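Asks: Please see the structure below; I have some questions.
The values are calculated or read from the model by the stated rules, or taken from the named source; none is laboratory data. Predicted, not measured: the structure shown is a model, and the values here were computed from it. FYI the Cβ positions are ideal-geometry reconstructions off the backbone, even for glycines, and counts take in every protein chain you see.
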Amino acid sequence: MQQTPARLGYRMPAEWEPHAATWLSWPRNRDTWPGKFEPIPAVWEEMARTIAAVEPVHILAGGEEVLRQAESMVGDVPNITIHDIPTNDVWIRDHGPTFLVGRPDAPPALVNWTYNAWGGKYPPFDLDNLVPKQIAKLQGRLEFEPQVVFEGGAIDVNGQGTVLAAEQCLLDPNRNPNLTRSQVEWYLAEYLGASKIVWLRADIAGDDTDGHVDQSARFVGPRTVVAAWEENPDDANFDSLQANFGRLRETTDHDGRPLDVVPLPMPQPMYYQEQRLPASYANFYIANGLVVVPQYGDPADHRAVRILSELFPDREIRGLNAVDLVWGLGAYHCATQQEPA
């Protein structure tokens, strides 16, 4: 019988469970922000400093030029460690490993999924695909390699068995053309510890990931989900997010209990050079005692912070400017990867 993580007692914990660290990949790819790369390293500096105030931060910054820049900007910050490990891009949520937790006597472990840059959209991605193996070697972790294409932004978990999963992404033939839905569910069960899969289909305008759930719906408690909510019926996201919200309201968790679904507003449409950007407050990141929330200079910024403050009463809710960041088609959750304690 195959010794999968779940059969050995491992699971993927919820993001709000205690962290040992947060991992980042330092920006290097100017093509991710065409014509707007210059302000981006400062975005990473602010993000790294903010998170390092509450937990250790590991930064992948391989290569002489990138390493030198990262060290000059955050190398003297307590709680930050910089590693000479190169990447192709910054989106470690998708190219990083899935860190697991197990029984008290179990060795530390991670899942090394295959990464192909959202269906081969943005080559090269060879260095990004090596990141989980590099981290496993660096930390001496047990490494599970399912040989399945997978991205961290495609799922969100409550740590108790329920998984929100992006249907268009995980079932897209540009990821795993030979896998059926039931086979994908098997991998989620055996490698993440899932016992209930909630398939979602929301695909917000401007998103290039084929519907990652961290743009539309996130667990904020074992049975509580925030779901992006578009109020304007003329907006391109209205029908998709309405359907997404309805699907969540009709579903149950792993114990058959209904989910508590809380609407999270969407900002007004954002564009850069006529391109719609995938701005969403659902792309927040939960750290130890802290929630980092993207801010877009929009009237809904404060509403999003207030809603998350009510849902996380014991954490500081910190809004960070994401206007430049989102031109790269992602925000703070896309740019982070949690390592559980």
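Asks: Which of the residues belonging to region 215-230 are of a type in the set (Ser, Thr, Tyr) and surrounded by 17 or more Cβ atoms within 10 Å (Cβ to Cβ)? Step through it out loud before you land on a result.
Replies: Of region 215-230, the ones of a type in the set (Ser, Thr, Tyr) are 216, 224.
216, the sole residue that qualifies.
Asks: Separate question: Can you name every residue in region 151-173 that is surrounded by fewer than 24 Cβ atoms within 10 Å (Cβ to Cβ) and within 19 Å of residue 88 (Cβ to Cβ)?
Replies: Answer for region 151-173, where residues must be surrounded by fewer than 24 Cβ atoms within 10 Å (Cβ to Cβ) and within 19 Å of residue 88 (Cβ to Cβ): just 153.
Asks: Considering region 23-42 alone, what residues qualify as being surrounded by 18 or more Cβ atoms within 10 Å (Cβ to Cβ) and charged (D, E, K, R)?
Replies: Across region 23-42, the qualifying residue is only 28.
Asks: Please state which one of 57, 74 is within 19 Å of the chain's Cα centre (by Cα), closer than 20 Å to residue 338 by Cβ and either at pLDDT 95 or above or not charged (D, E, K, R) (or both).
Replies: Details: 74 fails: within 19 Å of the chain's Cα centre (by Cα).
When all the criteria are applied, what remains is 57.
Asks: I've got another one for you. Considering only residues that are crowded, with 16+ Cβ neighbours inside 10 Å and among the small types (Gly, Ala, Ser), look in region 285-307 and name the one that is nearest to the chain's Cα centre (by Cα).
Replies: 287
Asks: Next question. In region 112-163, which residue that is touching a helix residue (DSSP H, G or I) at 6+ places or on another chain (Cβ under 9 Å) and of a type in the set (Val, Ile, Thr) is farthest from residue 11 (Cα to Cα)?
Replies: By that ranking, first place goes to 131.
Asks: May I pose another question? In region 195-205, how many are in contact (Cβ under 8 Å) with a residue 40 or more places away in the chain and buried (at least 20 other Cβ atoms within 10 Å of the Cβ)?
Replies: Residues in region 195-205 being in contact (Cβ under 8 Å) with a residue 40 or more places away in the chain and buried (at least 20 other Cβ atoms within 10 Å of the Cβ): 4 in total.
Asks: Are there any pairs, at least 6 apart or on different chains, whose C-beta atoms fall under 8 Å, with the first in region 140-151 and at positive phi and in contact (Cβ under 8 Å) with a residue 24 or more places away in the chain and the second in a loop (DSSP other than H, G, I, E, B) and of a type outside the set (A, V, I, L, M, F, W, C), and if so, which?
Replies: 140/108
Asks: Also: What strands (runs of 3 or more DSSP E), lying completely within region 267-341, carry at least 2 residues that are at pLDDT 95 or above and under 22 Å from residue 42 (Cβ atoms)? Reasoning before the result, please.
Replies: Working: elements: 285-287, 290-295, 316-321, 337-340.
Ranges flagged: 285-287, 290-295, 316-321.
Asks: Find the residue count for region 224-260, including only residues that are in a helix (DSSP H, G or I) and of a type in the set (Ser, Thr, Tyr).
Replies: Of the residues in that region, 1 qualify.
Asks: Here is a follow-up. Take region 231-284 and flag every residue that is among the hydroxyl-bearing types (Ser, Thr, Tyr), surrounded by 14 or more Cβ atoms within 10 Å (Cβ to Cβ), more than 11 Å from residue 216 (Cα to Cα) and without any contact (Cβ under 8 Å) to a residue 60 or more places away in the chain.
Replies: Selection gives 251 alone.
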